[in-house]
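The values are calculated or read from the model by the stated rules, or taken from the named source; none is laboratory data. Only a predicted model underlies this, so the values are computations on that prediction, with no experimental measurement involved. Cβ sites come from the backbone with ideal geometry, for glycine too, and all protein chains shown count toward neighbours. These area figures cover heavy atoms from the full protein model, side chains too; ligands, DNA and RNA do not enter into them. Shrake-Rupley method; radii C 1.70, N 1.55, O 1.52, S 1.80 Å.
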Amino acid sequence: MTIAEHQNGNGPPTNGNAAGGNAYAIDLNTFSRRLQSLYSHWRKNKNEFWGSSNVLAIATPPASEDLRYLKSSALNIWLVGYEFPETIMVFTNKHIHFMCSQKKASLLKVVKKSAKETVGVDVVMHVKAKSDDGTAQMDGILHAICAQLKSDGCDALVVGYIAREAPEGKLLETWADKLKNSNLQLSDITSGLSELFAVKDLGELTNVKKAAYLTASAMKNFVVPNLERVIDEENKVSHSSLMDNTEKAILEPAKIKVKLKAENVDICYPPIFQSGGNFDLRPSASSNDDFLYYDSASVIICAIGSRYNSYCSNIARTFLIDSNEMQNKAYEVLLKAHEAAIGALKPGNKVNTVYQAALPVVKKDAPDLVGNLTKSAGTGIGLEFRESGLSLNAKNDGILKAGMVFNVSLGFQNLQTQSKKPKSQNFALLLADTVIVTDNGHDVVTRLSSKAVEDVAYSFNDDEEEEQPKVKGESNGLEGLYSKATLRSDNQEISKEELRRQHQAELARQKNEETARRLAGGGSATGDGRTSAKHSNELIAYKSVNELPPPREMMIQVDQKNEAILLPIYGSMVPFHVATVKTVSSQQDTNRNCYIRIIFNVPGTPFTPHDANSMKNQGAIYLKEVSFRSKDPRHISEVVQLIKTLRRNVVARESERAERATLVTQEKLILAGNKFKPVRLPDLWIRPSFGGRARKLSGTLEAHVNGLRYSTSRLDERVDVMYGNIKHAFFQPAEKEMITLLHFHLHNHIMVGNKKTKDVQFYVEVMDVVQTLGGGKRSAYDPDEIEEEQRERDRKNKMNMDFQNFVNRVNDLWGQPQFKGLDLEFDQPLRELGFYGVPYKSSAFIVPTSGCLVELIETPFLVVTLSEIEIVNLERVGFGQKNFDMAIVFKDFKRDVLRIDSIPSSSVDGIKEWLDTTDLKYYESRLNLNWREILKTITSDPQRFIEDGGWEFLNMEASESDSENSEDSDRGYEPSDAEPDSVSEDDDSDSESLVESEEDEEEDSEEEKGKTWEELEREASNADREKGDEYDSDEDRKRRKMKAFGKSRAVPSSSAPKRTKFSR
């Protein structure tokens, strides 16, 4: 039985009046009380709210994983405590009809006695078998309705239904057609259900209060400390990452110190985090992938909602970072208006007085902000996040009653302030609380989270921090302390390597804390969460026998129009869809007889794909193969060729259709009109190229209102790239390459011809590849050769300039206000930081950009977003190796680790400097690691990974020096996936890390005794001879001795003064 796990939440009945002996028990007391309320309200307000309906027909759609709010589902939960998918409920004056499956009927039958005793109606069950379409049961219900209405003497037969809910699924579509085709008049009962749900009883209010306590606790105990930590440590965290972590905290109440059962808790919507000038105050807003912006004069808006036993609550807060006077005043006015709106929530007042109480406050204190005020002060909230009919706007003249619950939400949108930083110029403010109307006034049930100015305004002025070194320079004591962090004991300036090492140590601390928080939140990754369902079509060649072509003669026929083959079997032409054919072949024997053999796809045979049709008809009998004999070899050959061609075309079409079914639906391209001439770049080629055997044609790229369009002279060769789907845009001019290109890395796949791709590139060849025929050598001073080279240089410069002009104009277009939220700008690879490596199968020149690591010349393309990288491990470093490898571990532990192999060792210092500059933590190891097993170990036991020091198991320096500090010290996280050649001689030992050897332990113990260089060298040589360590070179031994000697004269370490933590 598929019953959505939405309990009503009145708790287990204490009086024993619960029905059902399984996990689903209906509280009969609650059912009786609410059924009485339903019939009383319907009979009393039949004409005003219930559309004069004589019958109420409520159809609940199939279950869905999506967050949605339906009145049909709300009525299920309100009345019986659960949502019953694919169930039809019909209420009349004398009967209640339930049409559902057998298991649901067995659960619902317990309400028969209560319904009869409460409102005097009989409950009638119409059980639908799983294989039944339900038409017979529907006809029985409609017949019973008509018969009863006629016996009651009703002139007009009016059936009330929820007009706004479109039928979903075959069952509900059939029911909707039955109602429309009947002689019954239909009327919308949405208003009646809204009025019924508006006033909550004591049990419902208890659920709302618990949901509100959870919501406010999540804001106070998780969101606010998390934001403070991110800002204090200046971490780069995306809005979507904050959203995922907050959602996990809500779904596990114990982590935010709330004693509620996790199985009764859910979110109302994905938590919303907004900053950086891109704000949307609508409830349908979402958190994007931009980083949290917390610079001076910035604003952060956070809105979260949670449900307890399906009852909703909501809260929204605005946080001000180094706010200016204008922002402070706007927030104070909004806070005052919000409090005035809440104060108007009193029983007996009209609903519109709530908004009318807030509006005068803004008109008096900030009249210039009236136009920026939201047009509503919120909505009713309960089983639905937005209850229709209870909108707190200026036009609603309904009456407030005790027991109503409201989400009081008020904000200012599209505000502007003076700032040098573009992302701080635009801002918005939003406040929201869940409020219950009581007999004496109101109760703000989310008051646990403060919205006072002193609790949401933060200050950490950069100017003050810049002055701190000067102040410290005036004090000799502090100056001496600072110099210890920056100078060696012999007063020489610290090396770049030492500075990098210190910075990497700080990055390691931050990275381990960030990873620990993410893993402690219950997940290893974030994602957009968007999935697409694959649609499979039934293979139907002919819908009826009448569509079969007339048989000319009993010979094999190929019907290309209907994609079928007709085979003569026992005197009849039997059709088969060509997609059911696995192989077809022909052969000829010595008697000049030709045979054609057709083998079909049969479920259960090897290498047969599973399709929806075979799974649907599991009990059917299948034809495996047929053979025919013919005296006409020409006809046999023609039939075989026709079947193969038709089958190939159908398979290709279905494969492309399956690919397209997984695509995320894109918005439509809005073409530029007469006022806005599109920016054009002609004579471009595209990668991946369009399919087909026709001659390739160049095309034109145009920038329109909301996207780019590339098209050739062929009508079917067209690609639209929407601005909202662009994740990264790159412009790479030709320097040493043969092409100048524009490259777009997308959020979601699109189709280029029949190819599914996330990377689209438009390019032009700036030089022709010329091969001189003939063996003659040409002079270096040949005028023709010099002229040809000059033409190539001019062509390259012209192409680069044309591309640059196009990029500049598109960047200007993306700078318009409507595109600021996309944060789009063409990025250009930094060739001076590039290095050679093998990301896939061949060597390529890999180049960093400001936000990515890319390789855009060779296919497949490489685009790695730096913000998605967890750590980088440089492997096979040292030992005199000519090359080393780079392993990139992503924050999403479900993604495979990206390996870039065979990087020249001469590039290692440049790569380290680049990684350190971009705040990416890197480690070094002497061996290649089995990352798939490492990540599997981490995700299977994240707590142990956190307790064992996080990523520090990769730190070679830490593993070498651990034994010096304590014999029983923690030796770091220890994965069990080392390569065979890295296993120590003692196979039973589980205390050595991947980068630790027995020689290191022995030397460390000797260092503690303070032995001389000669003694250390002699013992190291003896150890080499005894163990035959082929990897321990003289340079490595010398390095370790220098390190050991340095320990005896090391200066106490001290770090440079950190920036002062911000204060509220």
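Assigned to a loop (DSSP other than H, G, I, E, B), out of contact with any Lys or Arg (no Cβ under 8 Å at 6 or more places or on another chain) and open to solvent by 30 Å² or more (accessible area, probe 1.4 Å): does that describe C146? Break it down stepwise before answering.
On the way: assigned to a loop (DSSP other than H, G, I, E, B): no; out of contact with any Lys or Arg (no Cβ under 8 Å at 6 or more places or on another chain): yes; open to solvent by 30 Å² or more (accessible area, probe 1.4 Å): yes.
When the stated conditions are applied, C146 does not pass them.
Tell me, which residue of region 815-846 that is in a helix (DSSP H, G or I) and either in contact with a Phe, Trp or Tyr (Cβ under 8 Å, 6 or more places away or on another chain) or touching a residue at least 60 places away in the same chain (Cβ under 8 Å) (or both) is surrounded by the fewest Cβ atoms within 10 Å (Cβ to Cβ)? Reasoning before the result, please.
So the first thing to find is which residues in region 815-846 are in a helix (DSSP H, G or I), and the list is 817-822, 831-833.
In the following step, the residues that additionally are either in contact with a Phe, Trp or Tyr (Cβ under 8 Å, 6 or more places away or on another chain) or touching a residue at least 60 places away in the same chain (Cβ under 8 Å) (or both) were identified as 817, 819-822, 831, 833.
Working: P817: 10, F819: 15, K820: 17, G821: 17, L822: 17, R831: 14, L833: 17.
Result: P817.
Every residue in region 354-394 that is β-branched (V, I, T) and in contact (Cβ under 8 Å) with a residue 24 or more places away in the chain, please. Give the derivation first.
Step one: list which residues in region 354-394 are β-branched (V, I, T), which gives 354, 361-362, 370, 374, 379, 381.
Listed by number, the residues that qualify are V354, V361, V362, T374, T379, I381.
Regarding region 322-341, can at least one residue be identified that is crowded, with 24+ Cβ neighbours inside 10 Å and more than 18 Å from A358 (Cβ to Cβ)?
Taking every residue of region 322-341 in turn, at least one turns out to be crowded, with 24+ Cβ neighbours inside 10 Å and more than 18 Å from A358 (Cβ to Cβ).
I'd like to check something: does region 238-246 contain any residue that is more than 19 Å from the chain's Cα centre (by Cα), under 30 Å from L824 (Cβ atoms) and surrounded by fewer than 20 Cβ atoms within 10 Å (Cβ to Cβ)? Quick ask: steps written out before the conclusion?
So the first thing to find is which residues in region 238-246 are more than 19 Å from the chain's Cα centre (by Cα), and the list is none.
Looking for residues that are more than 19 Å from the chain's Cα centre (by Cα), under 30 Å from L824 (Cβ atoms) and surrounded by fewer than 20 Cβ atoms within 10 Å (Cβ to Cβ), one finds none in region 238-246, hence no.
Do you know which residues across region 699-718 are surrounded by fewer than 19 Cβ atoms within 10 Å (Cβ to Cβ), under 10 Å from L671 (Cα atoms) and of a type in the set (A, V, I, L, M)?
Once the filter is applied, which keeps residues that are surrounded by fewer than 19 Cβ atoms within 10 Å (Cβ to Cβ), under 10 Å from L671 (Cα atoms) and of a type in the set (A, V, I, L, M), region 699-718 yields only V705.
Answer yes or no as to whether T849 is under 19 Å from F762 (Cα atoms), in contact (Cβ under 8 Å) with a residue 60 or more places away in the chain, open to solvent by less than 10 Å² (accessible area, probe 1.4 Å) and not aromatic (F, W, Y). Write out each step before concluding.
On the way: under 19 Å from F762 (Cα atoms): yes; in contact (Cβ under 8 Å) with a residue 60 or more places away in the chain: yes; open to solvent by less than 10 Å² (accessible area, probe 1.4 Å): yes; not aromatic (F, W, Y): yes.
When the stated conditions are applied, T849 passes them.
When you check D896 against the structure, is it within 18 Å of Y840 (Cβ to Cβ) and either of a type in the set (D, E, K, R) or over 24 Å from the mean Cα position of the chain (by Cα) (or both), yes or no?
Numbers: within 18 Å of Y840 (Cβ to Cβ): yes; either of a type in the set (D, E, K, R) or over 24 Å from the mean Cα position of the chain (by Cα) (or both): yes.
For D896, the condition - within 18 Å of Y840 (Cβ to Cβ) and either of a type in the set (D, E, K, R) or over 24 Å from the mean Cα position of the chain (by Cα) (or both) - is met.
State the number of residues belonging to region 209-232 that are of a type in the set (D, E, K, R) and either crowded, with 21+ Cβ neighbours inside 10 Å or outside any helix (DSSP H, G or I) (or both).
So the answer is 1.
Identify all residues within region 132-143 that are open to solvent by less than 30 Å² (accessible area, probe 1.4 Å) and among the charged types (D, E, K, R); write none if there are none.
Listed by number, the list is empty, since nothing qualifies.
Looking at (1) at pLDDT 90 or above; (2) farther than 28 Å from G348 by Cβ; (3) in a loop (DSSP other than H, G, I, E, B), which one does N235 not meet, given that it meets all the others?
(1)
Which residues, taken from region 617-655, are assigned to a loop (DSSP other than H, G, I, E, B), of a type in the set (D, E, K, R) and either more than 13 Å from M555 (Cα to Cα) or open to solvent by less than 90 Å² (accessible area, probe 1.4 Å) (or both)?
Of region 617-655, the ones assigned to a loop (DSSP other than H, G, I, E, B) are 617-624, 631-632.
Next, only the ones that are of a type in the set (D, E, K, R) stay: 624, 631-632.
Matches in region 617-655: K624, D632.
One residue is enough: does region 719-733 have a residue meeting the conditions assigned to a loop (DSSP other than H, G, I, E, B) and open to solvent by 40 Å² or more (accessible area, probe 1.4 Å)? Step through it out loud before you land on a result.
Filtering region 719-733 down to residues assigned to a loop (DSSP other than H, G, I, E, B) leaves 733.
Cutting the leftovers down to open to solvent by 40 Å² or more (accessible area, probe 1.4 Å) gives us none.
No: region 719-733 contains no residue that is assigned to a loop (DSSP other than H, G, I, E, B) and open to solvent by 40 Å² or more (accessible area, probe 1.4 Å).
Given (1) over 29 Å from N264 (Cα atoms); (2) in contact with a strand residue (DSSP E or B) (Cβ under 9 Å, 6 or more places away or on another chain); (3) surrounded by fewer than 21 Cβ atoms within 10 Å (Cβ to Cβ), identify the lone condition not met by H97.
Only one criterion is unmet by H97, namely (3).
In region 275-321, which residues are hydroxyl-bearing (S, T, Y) and either surrounded by fewer than 20 Cβ atoms within 10 Å (Cβ to Cβ) or over 22 Å from L448 (Cβ atoms) (or both)?
The answer is S275, S284, S286, S287, Y293, Y294, S296, S298.
Looking at region 785-814, I want the residues that are free of Cβ contacts under 8 Å to residues at least 12 places away in the same chain and have a partner that is among the small types (G, A, S) with Cβ atoms under 6 Å, at least 6 apart or on another chain. Which pairs are those?
No pair meets every condition.
Report the residue count in region 247-263 for those that are assigned to a helix (DSSP H, G or I) and open to solvent by less than 30 Å² (accessible area, probe 1.4 Å).
Just the residues of region 247-263 that are assigned to a helix (DSSP H, G or I), to begin with: 247-251, 253-256, 262-263.
Still in the list and also open to solvent by less than 30 Å² (accessible area, probe 1.4 Å): 249-250, 253, 256.
Going through region 247-263 one residue at a time, the tally reaches 4.
Those residues that are assigned to a helix (DSSP H, G or I), more than 16 Å from A74 (Cβ to Cβ) and either open to solvent by less than 10 Å² (accessible area, probe 1.4 Å) or free of Cβ contacts under 8 Å to residues at least 40 places away in the same chain (or both), I need them from region 180-208; list them, please.
Of everything in region 180-208, those that are assigned to a helix (DSSP H, G or I), more than 16 Å from A74 (Cβ to Cβ) and either open to solvent by less than 10 Å² (accessible area, probe 1.4 Å) or free of Cβ contacts under 8 Å to residues at least 40 places away in the same chain (or both) turn out to be K180, N181, L202.
I'd like the residue in region 252-301 that is β-branched (V, I, T) and touching a residue at least 60 places away in the same chain (Cβ under 8 Å) and, out of all such residues, is farthest from D66 (Cα to Cα). Full working, then the answer.
Within region 252-301, the first condition is being β-branched (V, I, T), and the residues that meet it are 256, 258, 265, 267, 272, 299-301.
Filter once more, keeping what is touching a residue at least 60 places away in the same chain (Cβ under 8 Å): 267, 299-301.
Details: I267: 11, V299: 30, I300: 27, I301: 24 Å.
Looking at the filtered set, the residue picked out is V299.
Quick check on region 155-168: of everything there that is of a type outside the set (F, W, Y) and surrounded by 14 or more Cβ atoms within 10 Å (Cβ to Cβ), which residue is farthest from S72 (Cα to Cα)?
Applying the filter and picking the extreme gives L157.
Answer yes or no as to whether K696 is at pLDDT 80 or above and open to solvent by 60 Å² or more (accessible area, probe 1.4 Å).
Numbers: at pLDDT 80 or above: yes; open to solvent by 60 Å² or more (accessible area, probe 1.4 Å): yes.
Yes.
Checking K534 against (1) assigned to a helix (DSSP H, G or I); (2) open to solvent by 60 Å² or more (accessible area, probe 1.4 Å); (3) modelled with pLDDT under 80; (4) not aliphatic (A, V, I, L, M), only one condition comes out false. Which one?
Tallying (1) assigned to a helix (DSSP H, G or I); (2) open to solvent by 60 Å² or more (accessible area, probe 1.4 Å); (3) modelled with pLDDT under 80; (4) not aliphatic (A, V, I, L, M), K534 fails exactly one: (1).
Here is a list of conditions, (1) in contact with a Ser or Thr (Cβ under 9 Å, 6 or more places away or on another chain); (2) over 29 Å from A249 (Cβ atoms); (3) not aliphatic (A, V, I, L, M), and S310 meets all of them except one; can you say which number that is?
(2)
Yes or no: region 361-377 includes at least one residue that is among the charged types (D, E, K, R) and in a strand (DSSP E or B). Let's see the steps before the verdict.
So in region 361-377, the residues among the charged types (D, E, K, R) come out as 363-365, 368, 375.
Subset that is in a strand (DSSP E or B): none.
Within region 361-377 (the criterion being among the charged types (D, E, K, R) and in a strand (DSSP E or B)), the answer is no, since none of the residues qualifies.
Please tell me if G774 is exposed (fewer than 10 other Cβ atoms within 10 Å of the Cβ) and at pLDDT below 85.
Numbers: exposed (fewer than 10 other Cβ atoms within 10 Å of the Cβ): yes; at pLDDT below 85: yes.
Yes.
Could you tell me which residue of region 891-916 is least open to solvent (accessible area, probe 1.4 Å), considering only residues that are free of Cβ contacts under 8 Å to residues at least 60 places away in the same chain and closer than 17 Å to W951 by Cα?
First, the residues of region 891-916 that are free of Cβ contacts under 8 Å to residues at least 60 places away in the same chain: 896-898, 905-906, 908-909, 915.
Next, from what is left, pick out any that are closer than 17 Å to W951 by Cα: 897, 915.
On the way: V897: 30, L915: 2 Å².
If we take residues in region 891-916 being free of Cβ contacts under 8 Å to residues at least 60 places away in the same chain and closer than 17 Å to W951 by Cα, then L915 is least open to solvent (accessible area, probe 1.4 Å).
Is it the case, given these coordinates, that K116 is modelled with pLDDT under 90, open to solvent by 20 Å² or more (accessible area, probe 1.4 Å) and outside any loop (DSSP other than H, G, I, E, B)?
no
So is K350 in contact with a strand residue (DSSP E or B) (Cβ under 8 Å, 6 or more places away or on another chain), closer than 22 Å to V444 by Cβ and at pLDDT below 95 or not?
Details: in contact with a strand residue (DSSP E or B) (Cβ under 8 Å, 6 or more places away or on another chain): yes; closer than 22 Å to V444 by Cβ: yes; at pLDDT below 95: yes.
Yes: the conditions hold for K350.
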